[in-house]
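Undergrad: Quick one: structure below, then a few questions.
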Amino acid sequence: MNRKDFIRTSALATGALVSRPFITYATQAKYKTALIGAGWWGTNIVREAIKSGECQIVAVCDVDDRQIKQCLGEIGKLTNDQPKIYKNYQELLQKEKPEIVINATPDHWHALIAIDAMKAGAHVYLEKPIGHTINEGKAIVKTARDTQRICITGFHRRYSPHNVSGQEFLKSGKVGKIKEVRAFVTYNFGQGKRVEDEPTPAEIDWNMWCGPGPLVPYNRTIHPRNWRNHVEFANGMVGDWGPHWFDQILWWTDEVAPKKVYSMASTKFNTNNNNAPESQVVAYEFEDFTCTWEHSTLNGRPTSKTEEVGVYFHGTEGTFHMGWTKGWTFFPRDQKKEIIHQDPVLNQPDLQNIDLVFADLLKSIKSKQLPFADILKGHRATNMSLLGMAALKAGKSLEWDREKEVFLDSTANKYLSRQYRKGWVYPKA
């Protein structure tokens with residue numbers, strides 16, 4: 001990050017966590033804003049849109065009436081806006097013509113909704129990972145540039161004060177020469193149990209929920225929230241958690257992508273319904289450093305000195321841990337020197353800084369300048385996750401053309417996209 005970017009982001013961080021009186025939400029409303037995907041995380045984002053004082057919530061779209069009801073309850077606590085309810089996002093875009101669309105749907109819906117929203121004239125707040133496949137991401141970036149719409153990635157960790165200061169520390173040279181980087185998420189979720197398919201609840205349009213993905217039987221271990229561990233709709237832990245931490249790595253380095261990737265995963269141990277890898281390692285070769293990803297749902301690494309998530313930057317002067325709920329810590333090589341630490345500043349609920357991302361979105365819309373978490377950065381970080389999954393499927397090391405965004409082994413390029421269900425058209429980059 002250059003000095004200009006750091007100062008800009010620091011200014012955003014300084015203004016964090018500012019609450020406004022209820023009345024200002026209505027009187028200062030400006031941008032017609034629609035939420036598509038009214039679940040847990042979408043509700044977190046729309047809450048911050050309202051608190052910005054610059055958004056009028058005109059519509060909420062979800063295929064599950066239960067999620068809409070709960071989300072409307074939260075919206076009603078903050079504003080007098082009376083958003084219209086939709087189950088079809090295309091109808092919403094046509095009738096409401098929103099200026100801002102928040103896309104907080106499951107991963108397999110990200111590309112189509114983001115692209116259609118931008119083509120309809122809206123700026124987009126897009127949750128990570130930006131797509132389910134690499135070519136979807138390429139199409140999203142192209143649409144953002146062609147339409148000249150702002151498309152911001154929900155990288156709240158890119159804006160959190162301790163992440164900003166941590167990146168400054170990394171770039172200062174105090175960690176020394178960094179040649180080894182390790183990103184990780186290691187939780188012990190326990191065995192779990194198998195849950196049988198069941199009739200679809202009357203409140204949900206399951207066909208539309210599945211959308212361009214395969215139409216699978218309804219199972220409550222998929223919806224709500226656990227779709228992240230089903231490869232029909234997401235890419236497991238590396239797809240869910242990975243983009244946040246890969247973004248921290250790409251923020252630190254001048255390189256935009258690895259040149260080679262290899263992955264392996266354990267055979268399934270748990271008895272749950274998940275089909276994404278429960279334990280996976282990915283190795284990335286960059287020009288100037290090596291990077292590994294490790295995740296586990298089987299063991300929380302009780303011997304670790306830090307928390308269960310983050311990135312270790314191993315330098316010649318010590319090891320730097322960029323974390324989440326515990327901030328960042330530098331462990332000097334010289335054990336006589338003091339350990340350096342900074343605590344985080346995080347919002348409730350769910351320990352995030354979405355307000356800073358949304359503030360940057362609004363600023364970028366007004367200035368017509370790309371945001372700090374521009375969609376291209378979201379694309380590159382998401383690609384890291386998807387490259388790992390592609391290498392796992394291929395069962396071998398793959399070389400990556402960073403400019404053309406294709407594998408040098410043409411037989412592996414089939415992993416760049418997926419087959420959409422009949423009735424849905426895969427986007428073209």
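The values are calculated or read from the model by the stated rules, or taken from the named source; none is laboratory data. Not measured: the values here are computed from a predicted model. Cβ placement follows ideal geometry from the backbone for every residue including glycine, while neighbour counts extend to all protein chains displayed. Note: areas computed on protein heavy atoms with side chains; ligands, DNA, RNA excluded. Shrake-Rupley method; radii C 1.70, N 1.55, O 1.52, S 1.80 Å.
Undergrad: Looking at (1) touching a helix residue (DSSP H, G or I) at 6+ places or on another chain (Cβ under 9 Å); (2) free of Cβ contacts under 8 Å to residues at least 40 places away in the same chain, can you tell me which one T133 breaks?
TA: (2)
Undergrad: If you don't mind, there's one more thing I want to ask. Among the numbered criteria (1) surrounded by fewer than 23 Cβ atoms within 10 Å (Cβ to Cβ); (2) under 27 Å from E136 (Cα atoms); (3) touching a residue at least 12 places away in the same chain (Cβ under 8 Å), which single criterion is violated by E91?
TA: The number of the failed condition is (3).
Undergrad: Give, as residue ranges, the helices (runs of 4 or more DSSP H) completely inside segment 1-107 that count at least 3 residues that are at pLDDT 95 or above.
TA: Filter on segment 1-107 gives 40-51, 65-76, 89-96.
Undergrad: For residues that are of a type in the set (D, E) and touching a residue at least 40 places away in the same chain (Cβ under 8 Å), scanning just segment 377-408, find the one that is least open to solvent (accessible area, probe 1.4 Å).
TA: E405
Undergrad: What's the number of the condition S385 fails, among (1) of a type in the set (S, T, N, Q); (2) touching a Ser or Thr at 6+ places or on another chain (Cβ under 8 Å); (3) closer than 24 Å to N163 by Cα?
TA: In the conditions (1) of a type in the set (S, T, N, Q); (2) touching a Ser or Thr at 6+ places or on another chain (Cβ under 8 Å); (3) closer than 24 Å to N163 by Cα, S385 misses (2) alone.
Undergrad: For G76, state whether it is surrounded by fewer than 24 Cβ atoms within 10 Å (Cβ to Cβ) and not assigned by the TED database to the domain that holds E403.
TA: yes
Undergrad: For residues in segment 116-139 being surrounded by fewer than 23 Cβ atoms within 10 Å (Cβ to Cβ) and assigned to a helix (DSSP H, G or I), which is farthest from the chain's Cα centre (by Cα)?
TA: Per the stated criteria, the residue is K119.
Undergrad: Suppose we keep only residues that are over 18 Å from I68 (Cα atoms) and hydrophobic (A, V, I, L, M, F, W, C) within segment 198-216. Which one would you say is most open to solvent (accessible area, probe 1.4 Å)?
TA: So, considering only residues that are over 18 Å from I68 (Cα atoms) and hydrophobic (A, V, I, L, M, F, W, C), the one most open to solvent (accessible area, probe 1.4 Å) is L215.
Undergrad: While we're on this one: May I ask you to verify whether A234 is under 30 Å from R380 (Cβ atoms), without any contact (Cβ under 8 Å) to a residue 60 or more places away in the chain and outside the structural domain of G37 (by the TED database)?
TA: No, not satisfied.
Undergrad: Mind telling me which of the residues E317, E307 ends up being open to solvent by 70 Å² or more (accessible area, probe 1.4 Å) and either under 14 Å from V175 (Cβ atoms) or over 17 Å from the mean Cα position of the chain (by Cα) (or both)?
TA: Selected residue: E317, the only one of E317, E307 that is open to solvent by 70 Å² or more (accessible area, probe 1.4 Å) and either under 14 Å from V175 (Cβ atoms) or over 17 Å from the mean Cα position of the chain (by Cα) (or both).
Undergrad: Restricting attention to segment 185-197, does a residue exist that is among the hydrophobic types (A, V, I, L, M, F, W, C), in contact with a strand residue (DSSP E or B) (Cβ under 9 Å, 6 or more places away or on another chain), surrounded by fewer than 18 Cβ atoms within 10 Å (Cβ to Cβ) and part of a loop (DSSP other than H, G, I, E, B)?
TA: Taking every residue of segment 185-197 in turn, at least one turns out to be among the hydrophobic types (A, V, I, L, M, F, W, C), in contact with a strand residue (DSSP E or B) (Cβ under 9 Å, 6 or more places away or on another chain), surrounded by fewer than 18 Cβ atoms within 10 Å (Cβ to Cβ) and part of a loop (DSSP other than H, G, I, E, B).
Undergrad: Now for a different question. Could you please find all residues in segment 143-159 being in contact with a helix residue (DSSP H, G or I) (Cβ under 7 Å, 6 or more places away or on another chain) and either hydroxyl-bearing (S, T, Y) or not in a loop (DSSP other than H, G, I, E, B) (or both)?
TA: Hits for segment 143-159 are T143, A144, T147, C151, I152, T153, H156, R157, R158, Y159.
Undergrad: Scan segment 365-372 and tell me whether some residue there is under 23 Å from A122 (Cβ atoms) and charged (D, E, K, R).
TA: Yes; the residues of segment 365-372 include at least one that is under 23 Å from A122 (Cβ atoms) and charged (D, E, K, R).
Undergrad: Take E74 and decide whether it is within 22 Å of N226 (Cβ to Cβ) and over 22 Å from the mean Cα position of the chain (by Cα).
TA: Criteria met by E74.
Undergrad: When segment 207-228 is examined, which residues are found to be more than 18 Å from G131 (Cβ to Cβ) and either touching a residue at least 24 places away in the same chain (Cβ under 8 Å) or in contact with a Lys or Arg (Cβ under 6 Å, 6 or more places away or on another chain) (or both)?
TA: Correct list: M208, L215, N219, R220, T221, I222, H223, P224, R225, N226.
Undergrad: Shifting gears a bit: Filter segment 59-70 down to the residues that are touching a Pro at 6+ places or on another chain (Cβ under 9 Å) and open to solvent by less than 20 Å² (accessible area, probe 1.4 Å) and list them by number.
TA: Result: A59, V60, D64.
Undergrad: Which residue is most open to solvent (accessible area, probe 1.4 Å), if the candidates are limited to segment 233-285 and must be within 17 Å of D107 (Cα to Cα) and part of a helix (DSSP H, G or I)?
TA: D240
Undergrad: Can you tell me which of L298, L351 is under 30 Å from D197 (Cα atoms) and touching a residue at least 12 places away in the same chain (Cβ under 8 Å)?
TA: Checking each option against the conditions leaves just L298.
Undergrad: From the list L356, L346, pick out the single residue that is in contact (Cβ under 8 Å) with a residue 12 or more places away in the chain, open to solvent by less than 10 Å² (accessible area, probe 1.4 Å) and aliphatic (A, V, I, L, M).
TA: Only one candidate qualifies: L356.
Undergrad: Which numbered condition in (1) part of a loop (DSSP other than H, G, I, E, B); (2) open to solvent by less than 30 Å² (accessible area, probe 1.4 Å); (3) not basic (K, R) is the only one that S165 fails?
TA: The failed condition is (1).
Undergrad: While we're here: Is it true that some residue in segment 395-406 is among the basic types (K, R) and under 28 Å from H156 (Cβ atoms)?
TA: yes
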